[in-house]
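The values are calculated or read from the model by the stated rules, or taken from the named source; none is laboratory data. Treat the numbers as computed from the prediction; the structure is a model and nothing was measured. All Cβ positions, glycine included, derive from the backbone under ideal geometry; neighbour counts span all protein chains shown.
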Amino acid sequence: MSTRIDAVRKVALASEILGLYARVRRHVRRGDIRDVVASIRSRPARRTQSFETGSAEAWPTAARLARAVTRTLGALPTETRCLAQSVVLLWLLSRRGIPSTLVIGAQTSPEFEAHAWIEHAGRPLLSPGSFADGRLVEI
Amino acid sequence: MTLTSRTERADALLASRVRVPDDVVYRSFGHESVVLSLAEGKYHSVNATGGRTLEILDQVGSVSRTATLLADEYGRELSEVEDDLIEFCELLVDRRLLIVEPA
């Protein structure tokens, strides 16, 4: 019975992620990423009680959601850019009252590349790859 | 018509106060600097001298003062630095990476 409930929850979460992804793709094309993030954060959380940053309860939930985002969006046949993935995760976390930070970084060698990821309490939830030392902005 | 070494526009820019917009962030990576316009979602790359110039412009907010500091730092003639700086500032302004404050 619990296996069935888990499966139903996973499907519901995957559906939520895909729904948010479609909305995020529209939002991030519109302009300043800080406005997009501020708009998401201004929406009320679904939980009445928010998590404390870095609390013992928040991290496992945040990490589980990050894995779900990577798994769900990674399965899409189209390229899901790191920024869209990051904003989807930020939105999921925000809905559950878990604070997070969107980090955008860059590297210039061997060629210019930029990358975005999400952190909670200073720890990455999505991989920063080789960009951890190239932080440009935290939102 | 009188030929002058600099246009009035260039002189006005040299006398201007400038600032880096709130939606622009930049960082030095040693041999080059990355400038990101959050509003436009565009990345720009400038060489180390350009990055240092942007940093000083942002700190002092005065084009002429920036020219003086750069001339000291790089041991170059002030007039030469001013010409290069005006050109660089025009490029930044065109890309919305620098704002000229109203007089």
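Tabulated results
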| item | result |
| --- | --- |
| Among (1) in a loop (DSSP other than H, G, I, E, B); (2) within 13 Å of chain A (Cβ to nearest Cβ), the one test that B:Val35 misses | (1) |
| Any chance B:Val20 is within 11 Å of another protein chain (Cβ to nearest Cβ) and within 13 Å of the chain's Cα centre (by Cα) | no |
| Verdict on A:Val103 being on the phi < 0 side of the Ramachandran plot, within 14 Å of chain B (Cβ to nearest Cβ), touching a strand residue (DSSP E or B) at 6+ places or on another chain (Cβ under 9 Å) and surrounded by 13 or more Cβ atoms within 10 Å (Cβ to Cβ) | yes |
| Tally, over segment B:4-32, of residues that are in a strand (DSSP E or B) and small (Gly, Ala, Ser) | 1 |
| Within segment B:28-75, considering residues that are of a type in the set (Lys, Arg) and at pLDDT 95 or above, the one surrounded by the fewest Cβ atoms within 10 Å (Cβ to Cβ) | B:Arg65 |
| Residue identified as among the charged types (D, E, K, R) and away from every other protein chain (no Cβ under 14 Å) among B:Arg27, B:Arg65 | B:Arg65 |
| Sole residue being in contact with an Asp or Glu (Cβ under 8 Å, 6 or more places away or on another chain), farther than 30 Å from A:Glu113 by Cβ, small (Gly, Ala, Ser) and touching a residue at least 40 places away in the same chain (Cβ under 8 Å), chosen from B:Ala15, B:Ala39, B:Ala67, B:Ala71 | B:Ala67 |
| Within segment B:42-103, helices (runs of 4 or more DSSP H) holding 3 or more residues that are in contact with a Phe, Trp or Tyr (Cβ under 7 Å, 6 or more places away or on another chain) | B:48-60 |
| Residues of segment A:1-44 that turn out to be among the aliphatic types (A, V, I, L, M), at pLDDT below 90 and surrounded by 13 or more Cβ atoms within 10 Å (Cβ to Cβ), as a count | 1 |
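Yes/no matrix, rows are residues, columns are (1) more than 14 Å from chain B (Cβ to nearest Cβ); (2) surrounded by fewer than 21 Cβ atoms within 10 Å (Cβ to Cβ):
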{"site": "A:Ala58", "(1), (2)": "yes, no"}
{"site": "A:Ala63", "(1), (2)": "yes, yes"}
{"site": "A:Leu92", "(1), (2)": "yes, no"}
{"site": "A:Glu113", "(1), (2)": "no, yes"}
{"site": "A:Ile118", "(1), (2)": "yes, no"}
{"site": "A:Leu126", "(1), (2)": "yes, no"}
{"site": "A:Ser130", "(1), (2)": "no, yes"}
{"site": "A:Asp133", "(1), (2)": "no, yes"}
{"site": "A:Glu138", "(1), (2)": "no, yes"}
